[in-house]
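> Please find one structure pasted underneath; my questions will follow.
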Amino acid sequence: MVQINKAMVMAAGKGTRMRPLTDTMPKPLVPFAGKPLIDHVLDRLAEAGVAEAVVNVHYFADMLEAHLASRRQPRIIISDEREVLLDTGGGTKKALPLLGDDPIITFNSDSVWVEEIGSNLANLMAAWNPERMDALLMIADATRTIGYVGRGDFLMNEEGLLARRAPSTTAPYMFAGVQIIKPGLFADGPDGPFSTNLIWDRLIEKGRLFGHRMSGVWMHVGAPDDLAEAEAFLRDL
């Protein structure tokens, strides 16, 4: 297994779908199962041995920074996006001087799940092969997801290669908000805001975008109803 030592935690968004909860706090601080969403993320990273987490901030940035100041594991480094919100791709590009050249984990601050067999992050690192892959996405079965799944995100072949679903069709797999990726890919992105989808589309064309199916149940907590459904699921376990 290749140990990944740095992560980029996406925590700058405005969380508009989570209103009214996000009228007074950033989405990463919304409570879920007894603690803020971002603490679930940072605890997963700490358990997986990730030493540093770069966290981007924009919306209620001071409140989020104050909360993160108490964290010791992983070590927190702030990437300040107060002036301009840069989306997932642009935010990672801005943070490149903090991230270094080695592969990193990127982790959406609202990605939570129930473990089943071992550690999903450890399993993802074990599946990472930089000779074949430029990015390896944690993939959830749409049928084992709590919250909104829409039409699904990806198709995946036996080797793990990912492809987009065609318009007006459905796909069996969802991006579970976590990936291992080579950070240098973001340097070729445009200036200003852009989505990581731009990077993924380039990798699909090259046959370098792979997926790894997670075990357990992934919970997409993008809105208050999703949050309530996920907490009800946890109470019933």
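Computed from the coordinates by the stated procedures, all read-outs in this text should not be read as laboratory data. Because the structure is predicted, anything quoted here is derived from the model rather than measured. With ideal geometry, Cβ positions are generated from the backbone for all residues, glycine too; neighbour counts draw on all protein chains shown.
> Contour minus end-to-end for Asp188 and Val2, with contour as 0.36 nm per residue of separation and end-to-end as the Cα-Cα distance?
Here the segment from Asp188 to Val2 would lengthen by 64.5 nm.
> So, one more: Under 8 Å for C-alpha pairs, at least 6 residues apart: give me the relative contact order for the chain, rounded to a whole percent.
In percent, rounded to a whole number, it is 26.
> At a 10 angstrom cut-off on C-beta neighbours, averaged per residue, how do the peptides 70-78, 192-200, 3-11 rank from highest to lowest?
Descending mean neighbour count gives 3-11, 192-200, 70-78.
> Still on this structure, I have one more. Between the range 1-62 and the range 78-151, what is the C-alpha centre distance in whole Å?
When both Cα centres are located, 12 Å separates them.
> Using the Karplus equation 6.51 cos²θ - 1.76 cosθ + 1.60 (θ = phi - 60°), what ³J(HN,Hα) coupling, rounded to whole Hz, does each residue of the range 208-217 give in order, writing x for Gly and Pro?
10, 9, 10, x, 10, 6, 7, 9, x, 10
> Relative to a virtual label point 7 Å from the Cα of Asp225 in the Cα→beta-carbon direction, which members of the range 7-40 show backbone nitrogen distances below 19 Å?
15-23
> If I model a spin label at Ile117 and Arg164 as a point 7 Å from the Cα along the Cα→Cβ vector, what separation in nanometres do I get?
Here the answer is 3.3 nm between the modelled labels.
> Translational diffusion coefficient of the chain at 4 °C, 1.567 mPa s, Stokes-Einstein with Kirkwood Rh over Cα pairs, in µm²/s as a whole number.
Estimated diffusion coefficient is 72 µm²/s.
> Determine, from the Cβ-Cβ distance of Asp62 and Arg17 and an R0 of 25 Å, the FRET efficiency 1/(1 + (r/R0)^6), rounded to the nearest 0.05.
Result of the calculation: an efficiency of 0.65.
> Another one. Would you mind finding the longest exposed-site-free stretch of the chain, with exposed GluC sites (Glu not before Pro) meaning DSSP loop and at most 13 other Cβ atoms within 10 Å?
1-82
> Take the cross-link list Lys27/Lys93; Lys14/Lys206; Lys35/Lys206 and give me the ones stretching past 30 Å between alpha-carbons.
Pairs exceeding the cut-off: Lys14/Lys206; Lys35/Lys206.
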